[in-house]
Amino acid sequence: GMVLQEPAGAPSPLTVAGGVGDAAAEVQLSRLRWVVLLLFSSYSLCNSFQWIQYGSINNVFVRFYGVSAFAIDWLSMSYMLIYIPLLFPVAWLLDKRGLRLIALAGSALNAMGAWVKLGSLKPHLFPVTVLGQVICGLAQVFILGMPSRIASVWFGSQEVSTACSIAVFGNQLGIAAGFLVPPVLIPNVEDVEKLAYHISIMFFMTAGVASALFILVIIVFKEKPSNPPSRAQALIQSRPAAEYSYVQSILCLLRNANFLLLMVTYGLNVGCFYALSTLLNRMVIHHYPGEEVNAGRIGLTIILSGMAGALISGIWLDKTKAYKQTMLVVYIMSLVGMIVYTFTLSLGHLWVVFVTAGLLGFFMTGYLPLGFEFAAELTYPESEGTSSGLLNVSAQIFGIAFTISQGHIIDRFGTKAGNLLLCSVLFLGTIMTAFIKADLRRQQANLENEQT
């Protein structure tokens, strides 16, 4: 394949630390890395679109299927619930069988779930749409832990954080599309037949895109480049398989105090984001009746500004390696954004909600790739798939708890009380983040090998 030499004068034969053996691996960058990254981002986008496509027009699906708003909320929360028990089996598969198998499974299940949903176009077929969503939730288990692993396996040390941000981008862009497209494609009409027709258009489009992406994964997606992209990755690849134990890897992570702190703080922040995304339609419609389309646009604003935040923070990390300081600043600003959003939502001015939601999204959504990359640094040389998976489990658990709690609080005490719950959670997360020690092991490995 076509390769580019990594900068910083990498020696061609890479000597394993300690002088035992020769990894005989030239550190090079493959041009295929951008294709792999784009393809992953695309099917991740399709999957996250299916996560939020019900929640963004919650009231419309409530009327179409004749179920409660809480039942529609569970279509979103099913993604979170499914992830928790299946993380370890899938992370084990990622370590044992590699990226390609996980990519094939994720994109196949995503397409299958989209086609199953096409069988739920009658009001009495709500269980079928639940089944389709459960299959898509299974696909998500094969997707969420991949960004930092793809970044490490395919990208050089000077671009790994940016690559991770772009990989997370796909997921965020899908959520953005999930806020924007359903309110436009499915108008809030009384006629059930018309509603079914508009829903079928969205389901058919999704199934077509998901199937095309699955075919592309079969053709294009490769396990790893022919040469390692960084010295840290070369060391991992040169390690004998007998030295690696999956159970030991997990135990090692759970004994790492800094990682455990990060796991909780990541879960608190991202759990708040999940709850906010799931309940956004209900909150906006409560204060601005009939504004389903604008509720979707507010969600879109949160995600798009967050994508800008993620990209900027990824580039910043590659330049500075200031993981702890960046995480703390972003956490504090997420808290500030949540407070401002909480007290401006009910003012009666939609443009104010757009501005405050954009501020909140820039920092809260921009936090996602930061957590993955900081975890990879704190836990090197353990698998990025396992550390990312544990972060995601934490996020799913807190996401379910916050979505249910905030939903009940909104029903009983109003939106302000529900949002104050999230403010208090983010305050706790900010305090805990301050206690994480910046033990950057992956950076240290790269530096030591450069000197060698």
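The values are calculated or read from the model by the stated rules, or taken from the named source; none is laboratory data. All figures in this text were calculated on a predicted structure; none of them were measured in a lab. With ideal geometry, Cβ positions are generated from the backbone for all residues, glycine too; neighbour counts draw on all protein chains shown. Surface accessibility is based on the protein's heavy atoms, side chains included, excluding ligands, DNA and RNA. Shrake-Rupley method; radii C 1.70, N 1.55, O 1.52, S 1.80 Å.
Observations on the structure shown:
- Amide proton proximity set for Tyr380, modelled H, under 5 Å, gap of 5+: Arg441, Arg442
- Rg/Rh for region 339-452 stands at 1.11; both radii use Cα atoms, and Rh follows the Kirkwood definition.
- Full extension of the chain segment joining Tyr197 with Ser424 gains 77.4 nm, where the gain is 0.36 nm per residue of separation less the Cα-Cα distance.
- Each listed q (0.17, 0.18, 0.19 Å⁻¹) maps to a log10 I(q)/I(0) for region 319-402 from the Debye sum over equal C-alpha point scatterers, namely -0.81, -0.87, -0.92.
- Residue among Leu317, Thr162, Met283 farthest towards the positive dipole end of the chain, charges placed on Cβ: Met283
- Average projection area in nm² (convex hull over Cα atoms of region 24-146, one quarter of hull surface): 8.8
- Taken over the Cα atoms of region 181-303, the convex hull encloses 206 Å³ per residue.
- Packing rank of 137-147, 113-123, where each peptide gets the mean count of other beta carbons within 10 Å, highest leading: 137-147, 113-123
- GluC sites (Glu not before Pro) within region 127-205: DSSP coil, no more than 16 neighbouring Cβ in 10 Å: Glu190
- Low-density loop cleavage sites - chymotrypsin sites (Phe, Trp or Tyr not before Pro) in region 380-452, where at most 16 other Cβ are within 10 Å (DSSP): Phe435
- The chain: DSSP helices with Cα axial extent of at least 20 Å and average Kyte-Doolittle hydropathy no lower than 1.0: 32-52, 69-97, 99-117, 126-141, 160-185, 192-220, 257-287, 323-344, 350-364, 415-433
- Region 244-451: Rg to Rh, with Rh as the Kirkwood radius over Cα pairs: 1.02
- Length gained on full extension, Asp411 to Leu216: 65.7 nm, using 0.36 nm per residue less the C-alpha separation.
- Taking the charge dipole of the chain about its Cα centre, with +1 at Lys and Arg Cβ atoms and -1 at Asp and Glu Cβ atoms, the residue from Thr433, Ser107, Pro369 reaching farthest to the positive side is Ser107.
- Inter-part distance where region 387-452 and region 129-159 are each reduced to a Cα centre, Å: 19
- The stretch between His124 and Val67 holds 19.5 nm of extra length on full extension. This uses 0.36 nm per residue minus the Cα-Cα distance.
- Summarised as an ellipsoid, region 30-229 has semi-axes of 33, 16, 14 Å, derived from the eigenvalues of the Cα gyration tensor scaled by 5 and square-rooted, with the largest first.
- For region 184-224, a Kirkwood hydrodynamic radius built from all Cα pairs, placed in the Stokes-Einstein relation at 25 °C and 0.890 mPa s, yields a translational diffusion coefficient of 200 µm²/s.
- A simple spin-label model places the labels of Val189 and Val35 4.4 nm from each other, with each point 7 Å out along Cα-to-Cβ.
- Candidate cross-link partners of Lys222 among the lysines, defined by an alpha-carbon separation under 27 Å and a same-chain spacing of 8 or more, comprise Lys96.
- Of all accessible heavy-atom area on region 30-229, the percent that carbon and sulfur account for (1.4 Å): 74
- Rg(Cα) / (2.2 N^0.38 Å) computed for region 89-138, rounded to two decimals: 1.40
- 18 Å reach of a label modelled at Leu328, 7 Å along Cα-to-Cβ, counting backbone N of region 340-380: 367, 370-371, 374-375, 378
- By the Stokes-Einstein formula, at 0.890 mPa s and 25 °C, the chain with its Kirkwood radius over alpha-carbon pairs has D equal to 110 µm²/s.
- Amide H partners (placed H, <5 Å) of Ser30, local residues excluded: Leu4
- Each 10 Å bin from zero up to the one holding the largest Cα-Cα distance in region 244-341 carries the following percent of pairs: 12, 33, 30, 18, 7, 1.
- Overall Cα dimensions of region 375-433, principal axis frame, Å, largest first: 48, 22, 10
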